[in-house]
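**Q** Submitted below is the structure of interest, expressed as structure tokens.
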């Protein structure tokens with residue numbers, strides 16, 4: 001096994017607890033990835049329309065509609081028609097949804113604060129720089145993958161005589 005593989009497996013072993021729900025007491029684990037992203041978007045912006053949700057999650061509009069439908073059934077969001085343009089549906093958090101998000105964001109902030117408290121000011125600065133660089137590489141790679149998928153989906157015109 002190469003030293004890179006060894007290092008990789010060491011860190012996978014150290015962080016595997018992140019992927020096992022029974023290790024967490026976090027209600028967020030009861031929701032799909034898309035539901036969490038939709039909730040975060042709505043919490044941050046206050047209200048959004050379906051196109052904004054779909055764009056944010058990089059999914060088709062019908063997928064976003066299903067996600068919002070499930071959140072609506074759970075009592076976390078509400079859909080309202082725009083009074084000026086009935087075609088536009090605005091989504092916002094219900095009071096229950098707002099309380100849920102405040103509770104979850106407070107818990108996540110607590111974890112972040114615990115991590116920051118054990119680091120010196122210089123370590124925090126360096127850690128955030130490293131995290132930014134790591135995400136920069138991952139975003140570039142994801143962008144390349146998306147470009148490849150987009151090229152594969154191009155329709156080829158066939159001339160029929």
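**Q** Return the distance in nm (one decimal) between the two label points of a simple spin-label model at residue 6 and residue 116, each offset 7 Å from Cα along Cα→Cβ.
**A** Placing both labels 7 Å beyond Cα along the Cβ direction yields 3.7 nm.
**Q** A follow-up question, please. Counting pairwise Cα distances across the range 43-113, what percent come out greater than 17 angstrom? Don't skip to the end; give the middle numbers.
**A** Numbers: 1219 of 2485 pairs.
Of the Cα pairs, 49 percent sit more than 17 Å apart.
**Q** What is the P(r) of the range 1-132, as percent of Cα-Cα pairs per 10 Å bin from 0?
**A** Computed distribution, short to long bins: 10, 30, 29, 20, 9, 2, 0.
**Q** Using R₀ = 22 Å, calculate the FRET efficiency as 1/(1 + (r/R₀)^6) where r is the Cβ-Cβ separation of residue 63 and residue 84; round to 0.05. Let's see the in-between values first.
**A** Numbers: r = 27 Å, r/R0 = 1.22.
That gives a FRET efficiency of 0.25.
**Q** Ranked from highest to lowest mean number of other Cβ atoms within 10 Å per residue, what is the order of the peptides 73-85, 45-57?
**A** Details: 73-85: 13.3, 45-57: 16.5.
Packing proxy ranking, top to bottom: 45-57, 73-85.
**Q** Could you give the length gained on full extension between residue 102 and residue 137, defined as 0.36 nm per residue of separation minus the Cα-Cα distance, in nm? Write down the numbers at each step before the final one.
**A** Numbers: separation 35, 0.36 × 35 = 12.60 nm, distance 3.12 nm.
Gain on extension, residue 102 to residue 137, equals 9.5 nm.
Read-outs: derived from the displayed coordinates by stated rules, not from any lab. Quick caveat, the model's predicted, so the values are computed rather than measured. We place every Cβ from the backbone using ideal geometry, glycine too, and count neighbours over all the protein chains shown.
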